[in-house]
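Following: one structure in structure tokens, then a few remarks.
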Amino acid sequence: MQTQAFNLAVIGLGYIGLPTAAIFAAKGMRVAGVDVKQSTVDAVNRGELPFVEPDMGVVVSGAVTLGNLVAMTEVPFADAYIIAVPTPLAESNGADLSYLSSAVEALAPKLRGGELVILESTSPPGTTERLEAELARARPDLWAAAAQGGAHVHVVHSPERVLPGRIMIEMATNDRVIGALTEEGGHRAKKLYEVICQGEILLTDSTTAEMTKLVENTFRDVNIAFANELSVICDRLGIDVWRLIELANHHPRVNVLRPGPGVGGHCIAVDPWFIVDSAPEESGLIRAAREVNDAKPHHVVSRVISLLGDRTDATVAVLGLTFKANIDDVRESPSVTIVQELARRLPQARILPVDPHVRTLPAKLASAGIDAMSSLDEALAAADAVLLLVDHDAFLDVGAAQLEGRLVIDTKGVWGTKRSEGALVHPILAAPGSVG
Ligand SMILES: NC(=O)c1ccc[n+]([C@@H]2O[C@H](COP(=O)([O-])OP(=O)(O)OC[C@H]3O[C@@H](n4cnc5c(N)ncnc54)[C@H](O)[C@@H]3O)[C@@H](O)[C@H]2O)c1
């Protein structure tokens, strides 16, 4: 039985929901944090973080100590709700909205009329309208009362665009888009976010807001795909892709992005599919870009195998497993795909994965027959070939002496730059552009 009155309940206490709840609570609001995971609820109520995010610990523990943030597994009564549950890729390449449906099912019985319900999860176009329809189906009494002049439940979408590692800064400083189904809903959501947001708050309709978030990540994906395709073309033509891009970018209106081993993470590699799923006939370019980026890890593996030639029993040091530099996240990481495929296609080779940010060997690699993570020094000392997949700071200072005599494949172009400055000299150096 909930007796406390909450100004706000945040449903889903992950990377997005927990900092949101804590920042509102730190501003003096009475906030309930709701999660289906008991261990998350217990950790928050102890003032602890269930995951690592810089500068968040002190805000969470402060809000809990003040009594402004309370975590629970059941949705309470509240004036406003923010939903921040996962919306991963489904098998069909559309969005899996099952977490959202469960959250709506738990929330609907708590509505009394007049609440604000904000969807923050990244969602395909039309999701906010469907969310309202689901609530209306679950609570016909409230929608009938609103039609007779009673208080409306206002449903809006406000996508979150923060960067992990900078969440506590960007949640306050980023501009925010609010897509509302009603004018009043939009204004009420704007007023709520003004409590925590110093950036500009921009109002639009819900479908445009949903697309805004998807388009931001798709813009990145399409532009990275262009760079990745160039790198494959350069392999064919024997051109150094890094030098090519550097030269092209001297044009005042050209800014080609940098290629890499592929695209990973739970946003850029996922969100474009939500657009493709919504308008398959019209999104040929977006689909092609996804396919180019998804194919890049396989191209890297093929290049490594072809450069190794008959040395199929080589020891290969693979530097970096995460989906980008200086983080610990291996979700959808192209590096993990590359290591898995290398192990499968080169069964006699010894593959030594190195990543200072990843403490335990990802399960996918254990099942591919990889024994353990290696330290950088161990792996470099033993390696016949060195494959750089992530430009972690820890790898940038690898010296010429440590690479001497090895086959070096640099998919990020960081050592290539040094080489062109004359810092690295290798008997066999796969030009960075050959795989980059
Ligand atoms: N993490 C990011 O960098 C980021 C950035 C922008 C947008 N997003 C989007 O925000 C949404 C949330 O992402 P996240 O990274 O916070 O996810 P997450 O996996 O870190 O956290 C989600 C939380 O929701 C909980 N949950 C699942 N179903 C629930 C339910 N029915 N009721 C209550 N709790 C439930 C889970 O236990 C988990 O703690 C997703 O749509 C994601 O795409 C994430």
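The values are calculated or read from the model by the stated rules, or taken from the named source; none is laboratory data. Just so it is clear, the structure is predicted and the values come from calculations on it, not from any experiment. Glycine gets a Cβ as well: all are built from the backbone with ideal geometry, and neighbour counts include every protein chain shown. Each accessible area value is taken on the protein alone, full model and side chains, heavy atoms only, with ligands, DNA and RNA left out. Shrake-Rupley method; radii C 1.70, N 1.55, O 1.52, S 1.80 Å.
Residues in segment 216-435 average 46 Å² of solvent-accessible surface per residue, probe 1.4 Å, ligands and nucleic acids excluded. Where both bridge residues fall in segment 6-199, DSSP classifies roughly 10% of the beta bridges as antiparallel.
Projected onto their three principal axes, the Cα atoms of segment 47-105 cover extents of 44, 30, 16 Å, largest first. What percentage of the solvent-accessible surface of the chain, computed with a 1.4 Å probe over protein heavy atoms, is contributed by carbon and sulfur atoms? Whole-percent figure for carbon plus sulfur exposure: 53.
Within 10 Å of each candidate Cβ there may be at most 13 other Cβ atoms; applying that plus a DSSP loop requirement, which trypsin sites (Lys or Arg not before Pro) in segment 245-294 survive? Spell out each step's value before the answer.
Working: sites: Arg253, Arg287, Arg290; in loops: Arg253.
Answer in residue order: Arg253.
Adding -39500 (n - 2.57) for every DSSP H run of four residues or longer, then dividing by how many residues the chain holds, sets the calculated 222 nm ellipticity at -13000 deg cm²/dmol.
Antiparallel as a % of all DSSP beta bridges within the chain, to the nearest 5?
5
When you filter the trypsin sites (Lys or Arg not before Pro) in segment 1-48 for DSSP loop state and at most 16 other Cβ atoms inside 10 Å of their Cβ, you are left with Lys27, Lys37, Arg46.
State which stretch of the chain is the longest one without any exposed GluC sites (Glu not before Pro), exposure meaning a DSSP loop state and at most 14 other Cβ atoms within 10 Å. It runs 201-403.
Solvent-accessible surface of segment 6-199, taken per residue with a 1.4 Å probe and all protein chains present: 41 Å².
In this label model, Ala133 and Asp397 are separated by 5.8 nm, measuring between points 7 Å along each Cα→Cβ vector. Counting only alpha carbon atoms, the long axis of helix 183-193 and the longest principal axis of the chain meet at about 60°. If you take the Cα centroid of segment 294-370 and the Cα centroid of segment 251-278, the two points sit 21 Å apart. Taking Cα atoms only, the orientation of helix 98-107 departs from the longest principal axis of the chain by about 20 degrees.
Relative to the dominant Cα principal axis of the chain, helix 284-308 is inclined by about 30°.
Along the axis of the charge dipole computed for the chain (Cβ charges of +1 for Lys and Arg, -1 for Asp and Glu, origin at the Cα centre), the listed residues Leu376, Gly47, Ser206 are led at the positive end by Leu376. Taking the three principal axes of the alpha carbon atoms in the chain, the coordinate ranges are 80, 47, 38 Å, sorted in descending order. Only aspartates and glutamates eight or more places from Lys37 in sequence, or on another chain, were considered; those with a Cα closer than 12 Å are Glu74.
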